[in-house]
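Peer 1: Got a structure here, written out as structure tokens. Questions coming.
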Amino acid sequence: MLIIDAHLDLAMNAMEWNRDLRLHVVDINAREQNLTDKPDRGKSTTSLAELRKGNIGLVVATQIARFVAQSNSLPGWHSPQQAWAQTQAQLAWYKAMEAEGEMFQVSDLSTLEKHLDAWTNEKYGEKKPVGYLLSLEGADSIVHLSYLEKAYAYGLRAIGPAHYGPGRYANGTDATGKLNENGKELLKEMDRLHMILDATHLCDDAFWDAMKIFRGPIWASHNNCRHLVNHNRQFSDEQIRELIARGAVIGGAMDAWMMVPGWIRGQSTPQQMNCKLETLIDHLDHICQLAGNSLHIGIGSDLDGAFGREQCPYDLETIADLQKFPALLRKRGYRESDIENVMHGNWLKFLRGAWSRG
């Protein structure tokens, strides 16, 4: 079954983790066998080869570069200009993968339908290019609003204004506070360009501010439920209901600490915490119960998002194992139409609706 994954940090892995994502995961991990600079070395789950193996034909692929002020202890760049330059290096990697026939950029209704037709009807030949829609995770790298048009011109179609901590436009996970004036102007400019707002990582104050200001299409690429894991990174039921009312799709994330309560970073293990693929269905099902249907859920795995097999479901070896979900959903009583909604249908309906209006 065709799968769409709404959140993968592919270029971050290529450019900061120095992974050649054209390789199979086993070969990427073998090359990292003696590296200790990051906790997920040798534990990667994701590559372009594994996406093809799993029939994951379209992904929302990120650019990401945080600006940090001197008082901010999070890792990041010391100026917005440096952050912008980092996103441009990531863009260059995506373009290099396009040139190699590894990826295909989807940026409007025409390219979406062209790619889906070629992927599903075997028109690409032996090596299918993985389709990607470009999204910016955290808007810090938008030096000022004139840069947004530059980004739109190279294919950026979605923005999550915040990431972790305080941001230049919006406050994110573990921070508080409403959108600043620049953040409000950012949303208005996104509206003008018919861009997608990614509500993921917005702190509660900024979330409700954004819901009042932004009039365009909204999704949450990778977010789980606060009802099941009580942390501000997750959505409350009230927030989920608001997103449902706005026609959003929420992608279930597979970072273990977001899936199971009580996870201790660097100490807990997926086996110890019984964190498995089916655990994510608990989150997806909670959203379905609030919505009364299966029209607002999808996959937004975030796999290899600065974590690997040490912090994802224990029954997932590589991202190709997303193909286990249809059987798990059937086991939970989901109908075939519901399963298609989860695996790709809801994301496609969202994009077709957003881009036909634009």
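The values are calculated or read from the model by the stated rules, or taken from the named source; none is laboratory data. What you see is a predicted model; the values in this text were computed from it and never measured. Here Cβ is always computed from backbone atoms with ideal geometry, including for glycine, and neighbour counts include all displayed protein chains. Keep in mind that these areas ignore ligands, DNA and RNA; they rest on the heavy atoms of the full protein, side chains included. Shrake-Rupley method; radii C 1.70, N 1.55, O 1.52, S 1.80 Å.
Peer 1: Among 310, 137, 242, which one shows the highest mean-square fluctuation when the chain is modelled as a Gaussian network with alpha-carbon springs under 10 Å?
Peer 2: Ranking 310, 137, 242 by mean-square fluctuation puts 242 first.
Peer 1: Can you give me the distance in nm between label points at residue 79 and residue 289, each placed 7 Å from the Cα along the Cα-to-Cβ direction?
Peer 2: 5.2
Peer 1: With every protein chain kept in place and ligands, DNA and RNA left out, what is the accessible area per residue of the chain? Probe 1.4 Å, answer in Å². Walk me through the numbers before you get to the answer.
Peer 2: Working: 14260 Å² over 358 residues.
Value for the chain: 40 Å² per residue.
Peer 1: Additional query: If one computes the Cα centroid of the range 235-250 and of the range 294-332, what distance in Å separates the two points?
Peer 2: Cα centroid to Cα centroid, the span is 21 Å.
Peer 1: Still on this structure: With the chain treated as a Gaussian network of Cα nodes joined by springs under 10 Å, which of 282, 117, 321 yields the largest mean-square fluctuation?
Peer 2: Between 282, 117, 321, it is 117 that shows the largest mean-square fluctuation.
Peer 1: Which value at 222 nm does the chain reach when only helices count, each DSSP H run of 4 or more adding -39,500 (n - 2.57), with the total divided by all residues and rounded to the nearest 500 deg cm²/dmol? If you can, show how the numbers build up before the last one.
Peer 2: Details: 14 runs with 133 residues, N = 358.
Mean residue ellipticity, 222 nm, calculated: -10500 deg cm²/dmol.
Peer 1: Right, something else. Within the set 188/212; 276/349; 128/150, which residue pairs have Cα atoms separated by over 21 Å? Spell out each step's value before the answer.
Peer 2: Details: 188/212 11 Å; 276/349 28 Å; 128/150 29 Å.
The answer is 276/349; 128/150.
Peer 1: With the cut-off at 1.5 for a/c, could you classify the range 1-139 from its C-alpha gyration tensor as rounded, prolate or oblate? Working shown, then result.
Peer 2: Details: a/c = 2.43, a/b = 1.40, b/c = 1.73.
It is oblate, given that a/c is not under 1.5 and a/b is not larger than b/c.
Peer 1: Using only the alpha-carbon atoms of the range 61-213, report the extent along each of the three principal axes, biggest first, to the nearest angstrom.
Peer 2: The Cα atoms of the range 61-213 stretch 51, 31, 27 Å along their principal axes.
Peer 1: What is the percent carbon and sulfur in the accessible area of the chain, measuring with a 1.4 Å probe over the protein chains and ignoring ligands? If you can, show how the numbers build up before the last one.
Peer 2: Numbers: 6960 of 14260 Å².
So the carbon and sulfur contribution to the accessible surface is 49 percent.
Peer 1: If the reach is capped at under 12 angstrom between alpha carbons, list the aspartates and glutamates near residue 331, excluding any in the same chain fewer than eight residues apart.
Peer 2: Qualifying aspartates and glutamates at Cα under 12 Å: 278.
Peer 1: With a cut-off of at most 11 other beta carbons within 10 Å, and DSSP calling the residue loop, which trypsin sites (Lys or Arg not before Pro) in the range 294-352 qualify? Please list them.
Peer 2: Working: sites: 309, 324, 330, 331, 332, 335, 349, 352; in loops: 332, 335.
Within the range 294-352, the qualifying trypsin sites (Lys or Arg not before Pro) (loop, at most 11 other Cβ atoms within 10 Å) are 335.
Peer 1: Also: Is any helix in the chain, taking whole DSSP H runs, at least 18 angstrom long along its axis by alpha carbon and on average at least -1.0 on the Kyte-Doolittle scale, and which ones? Provide the component values of the computation, followed by the final result.
Peer 2: Numbers: long enough: 80-99 (28 Å, -0.69); 277-291 (22 Å, 0.49).
Counting only whole DSSP H runs, the qualifying helices are 80-99, 277-291.
Peer 1: Rank by packing, highest mean first: peptides 4-13, 289-298, 27-36, with packing defined as the count of other Cβ atoms within 10 Å averaged across residues.
Peer 2: Numbers: 4-13: 25.9, 289-298: 18.4, 27-36: 13.9.
Ranked by mean Cβ neighbours within 10 Å, highest first: 4-13, 289-298, 27-36.
Peer 1: Right, something else. Go through the range 173-268 and name the chymotrypsin sites (Phe, Trp or Tyr not before Pro) that are in a DSSP coil and have 11 or fewer other Cβ atoms within 10 Å of their Cβ. Write down the numbers at each step before the final one.
Peer 2: Working: sites: 207, 208, 214, 219, 235, 257, 263; in loops: 214, 263.
Listed in order of number, the matching sites amount to none.
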